[in-house]
1. Out of curiosity, is A:Ala64 at the interface with another protein chain (Cβ under 10 Å from one of its Cβ atoms), surrounded by fewer than 23 Cβ atoms within 10 Å (Cβ to Cβ) and at positive phi?
2. In the stretch B:220-251, how many residues are more than 14 Å from chain A (Cβ to nearest Cβ), under 26 Å from B:His266 (Cβ atoms) and of a type outside the set (Lys, Arg)?
3. Within the bounds of the stretch B:109-125, is there any residue that is at pLDDT below 90 and at positive phi?
4. Give A:Tyr81, A:Tyr133 a once-over and let me know the one that is under 22 Å from B:Val105 (Cβ atoms) and within 10 Å of another protein chain (Cβ to nearest Cβ).
5. So which residues in the stretch B:181-240 are buried (at least 20 other Cβ atoms within 10 Å of the Cβ), assigned to a helix (DSSP H, G or I) and among the β-branched types (Val, Ile, Thr), if there are any at all?
6. Take the residues of the stretch A:7-27 that are crowded, with 18+ Cβ neighbours inside 10 Å and of a type in the set (S, T, N, Q): which is nearest to DNA strand D (Cβ to nearest atom)?
7. Looking at B:Val45, B:Val49, B:Val30 in this structure, which one is more than 8 Å from DNA strand D (Cβ to nearest atom), modelled with pLDDT of 95 or more and within 24 Å of A:Gly147 (Cβ to Cβ)?
8. Could you tell me whether B:Thr59 is more than 30 Å from B:Val138 (Cα to Cα), touching a helix residue (DSSP H, G or I) at 6+ places or on another chain (Cβ under 6 Å) and hydroxyl-bearing (Ser, Thr, Tyr)?
2 protein chains.
Amino acid sequence: MEVTGHTRGPASIRDVAAAAGVSYQTVSRVINAHPSVRPATRERVLAAVEELGFRRSATALALARGRSRTVTVLTADTTHYGYASILRGVEEAARAAAYSVGVGVLESADEATVAAEVRRAADVGGGLVVIAYDPAGVRALEAVPAGLPVVGVVETPASPPADDRPWVWTDDREAAYRATRHLLSLGHETVHYVAIPSDTRPASARIAGRRQALTEADAPQPPPVQGGWGPAGGYAAGLKLAGDPSVTAILCGNDDLALGVLRALHEAGRPVPGEVSVAGFDDAPHSAYLTPSLTTVRLDFTGLGRAAFALLHGALEESAPITPHPVSAPELVVRETSGRPGPTDGG
Amino acid sequence: MEVTGHTRGPASIRDVAAAAGVSYQTVSRVINAHPSVRPATRERVLAAVEELGFRRSATALALARGRSRTVTVLTADTTHYGYASILRGVEEAARAAAYSVGVGVLESADEATVAAEVRRAADVGGGLVVIAYDPAGVRALEAVPAGLPVVGVVETPASPPADDRPWVWTDDREAAYRATRHLLSLGHETVHYVAIPSDTRPASARIAGRRQALTEADAPQPPPVQGGWGPAGGYAAGLKLAGDPSVTAILCGNDDLALGVLRALHEAGRPVPGEVSVAGFDDAPHSAYLTPSLTTVRLDFTGLGRAAFALLHGALEESAPITPHPVSAPELVVRETSGRPGPTDGG
DNA sequence: ACCGCGGGTGTGACCGGTCACCTCCATGCG
DNA sequence: CGCATGGAGGTGACCGGTCACACCCGCGGT
């Protein structure tokens with residue numbers, strides 16, 4: 001009725017300008033809260049905005065400004081609890097800052113594929129959060145071209161990151177240290193370790209934390225067992241360890257691994273925590289409800305995601321001073337899978 | 001050396017054109033594989049593309065074409081296994097089609113918040129996949145403005161969806177039917193049900209499937225117990241059911257719920273499957289490794305995600321005929337939590 | 001009365017692509 | 001030989017915003 005000649009599709013600032021009887025630039029000023037617009041004019045423009053249901057196109061904004069209010073999270077798996085939590089943290093912070101978040105899954109760790117994925121993510125503009133706990137993620141982080149804002153979510157690094165390529169991490173060295181000490185304090189001679197893939201690096205923070213605890217206690221240092229990411233890998237590793245009667249305490253790189261280990265111990269007839277104690281990392285939601293419930297170290301993945309976004313936000317805009325690391329410290333959660341070692345010579 | 005005056009930042013088609021000694025339009029033609037470009041010219045352009053590291057800007061493309069090769073997944077939780085798998089399926093299919101995928105988390109089911117989230121997602125253009133298993137998702141699906149391409153991921157609907165607003169689903173009616181029949185066939189008198197929030201609707205497909213199985217077997221029909229989404233809710237529901245000695249079989253709306261129920265039964269001293277049988281939905285990765293391992297119905301969430309994308313892709317472009325539902329049928333996976341009912345009158 | 005100044009607006013170019021349309025030239029055919 | 005045809009390529013406008021700049025006007029100072 002009152003709308004006569006405006007174009008099909010969503011209204012643009014030109015449409016709004018026409019409706020309000022001003023120039024498109026004035027509309028732009030109103031949208032951006034520029035001070036020098038007369039109140040009466042502002043009112044008219046806002047009324048037109050309301051009436052036409054105008055929404056400023058994110059695409060056009062990105063093109064004109066050169067950056068895109070978008071962060072893309074590159075991850076090897078959306079399904080894994082830790083990764084999914086990081087994604088949630090990023091999304092949460094991004095939403096609060098009116099950013100959009102994209103996801104790219106690194107299907108394989110193959111160099112070319114990863115590089116292609118990084119390029120794709122770069123095409124949309126904005127920043128990148130790379131979850132670099134695993135080989136695919138590490139590759140991706142390396143493949144990010146210079147000049148593209150990126151934050152890596154990594155294990156506790158040995159040396160601080162370069163300024164132009166910040167990292168974010170939880171103190172998993174400390175986490176491993178505490179979990180190991182907890183198990184030792186119960187009376188176990190040593191603590192075996194089932195590793196997630198990233199822990200194969202000799203510099204792995206978790207391995208270092210465990211080593212420190214073992215060293216301080218003058219305990220033997222059995223080499224880590226490779227477990228992969230999921231329960232299946234933990235199960236396989238668990239079967240190996242279950243066969244060795246000297247094994248009484250097992251620390252696992254994550255809760256899923258621990259679950260597999262628990263199953264393997266069960267099948268091998270080694271009661272938990274009667275004979276063997278088990279602890280995990282992450283405190284996934286189901287860990288508290290397992291039978292027996294899982295002793296684990298809670299890691300603040302959501303906070304990690306938020307921190308990653310904050311850093312990126314700081315790099316993309318000249319606001320929000322780069323908040324260092326408002327990530328909660330790891331917290332040991334003692335549950336039923338850890339206890340004093342029982343007599344193992346009996347069976 | 002050879003590059004003299006081209007602009008800072010990523011190269012544009014104008015830069016490439018200058019380097020190759022052609023017009024920007026020719027570059028555009030080469031990029032888009034337009035036939036009428038002489039091979040020699042094409043070669044020159046491609047060489048320039050290579051040399052300058054040209055990548056076509058997704059933003060500019062979106063602006064010029066009017067649509068943005070992006071799909072945004074709206075979900076209430078990135079952490080939940082089923083949701084995360086759907087996201088992965090969407091991402092997988094999207095990547096194959098050179099689309100980007102965004103995520104929006106519906107933090108609350110509050111109408112205004114959800115509407116705002118939908119608008120935000122709409123701002124980036126492209127299509128929407130809304131995971132509408134829960135109240136927040138259902139609200140979001142309703143709040144999507146007409147004209148915006150959207151696909152809902154829903155429970156088996158009572159009536160087929162409208163053409164312009166397609167849905168995608170697994171046959172969870174059949175899934176519930178099969179799981180219930182399985183439990184009945186073991187000799188249980190009836191099957192109790194711990195529901196996920198969406199199942200409160202009287203028209204819920206899962207509830208209908210279970211009802212049908214119970215009806216066919218002339219079994220009593222105890223009302224569903226509300227469980228929520230996570231293990232905590234399952235635990236609470238499980239405690240209630242555990243107190244009733246007549247309860248010998250419990251079907252749960254998802255594996256996390258089942259986990260909580262198992263824990264509650266354990267604490268109540270009711271052995272599984274000795275006294276009570278339990279089954280879940282989803283077949284989450286850890287379910288096979290629980291002790292006892294969980295009988296469940298595997299649902300093809302990833303396929304669901306891929307199907308959702310395919311539908312959206314069909315709506316966004318005039319290609320890829322709308323493949324109806326290449327989603328795998330639910331598959332009953334019988335494990336250790338289900339067995340014949342034992343003597344319950346003893347304790 | 002003249003100038004400078006600053007608030008309130010409008011105009012043109014630009015971001016990096018695409019699309020519609022035009023030109024130029026080498027053919028083929030009547 | 002003249003002309004329609006189609007391949008190869010170029011030009012201008014446009015998508016929906018932003019930015020740099022010019023304009024107009026009222027005001028205060030001299």
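1. Values: at the interface with another protein chain (Cβ under 10 Å from one of its Cβ atoms): yes; surrounded by fewer than 23 Cβ atoms within 10 Å (Cβ to Cβ): yes; at positive phi: no.
When the stated conditions are applied, A:Ala64 does not pass them.
2. If we filter the stretch B:220-251 for residues that are more than 14 Å from chain A (Cβ to nearest Cβ), which is where we start, we get B:220-226, B:240-241, B:243-251.
Of the ones still in play, those that are also under 26 Å from B:His266 (Cβ atoms) are B:220, B:222-226, B:240-241, B:243-251.
Right, trim to of a type outside the set (Lys, Arg) and you get B:220, B:222-226, B:241, B:243-251.
Matching residues across the stretch B:220-251 total 16.
3. Checked against the condition, which is being at pLDDT below 90 and at positive phi, the stretch B:109-125 yields at least one hit.
4. On the way: A:Tyr133 fails: within 10 Å of another protein chain (Cβ to nearest Cβ).
On inspection, the qualifying residue turns out to be A:Tyr81.
5. B:Ile207
6. Per the stated criteria, the residue is A:Ser12.
7. Values: B:Val45 fails: within 24 Å of A:Gly147 (Cβ to Cβ); B:Val30 fails: within 24 Å of A:Gly147 (Cβ to Cβ).
Only one candidate passes the filter, namely B:Val49.
8. Details: more than 30 Å from B:Val138 (Cα to Cα): yes; touching a helix residue (DSSP H, G or I) at 6+ places or on another chain (Cβ under 6 Å): yes; hydroxyl-bearing (Ser, Thr, Tyr): yes.
Judged against the criteria, B:Thr59 is a match.
The values are calculated or read from the model by the stated rules, or taken from the named source; none is laboratory data. From a predicted model like this one, the values you see are computed outputs, not experimental measurements. Because the Cβ atoms are built from the backbone with ideal geometry, glycine has one as well, and the counts that use them run over all protein chains shown. The protein model used for the area step is the full one, side chains on, heavy atoms only, and it has no ligands, DNA or RNA in it. Shrake-Rupley method; radii C 1.70, N 1.55, O 1.52, S 1.80 Å.
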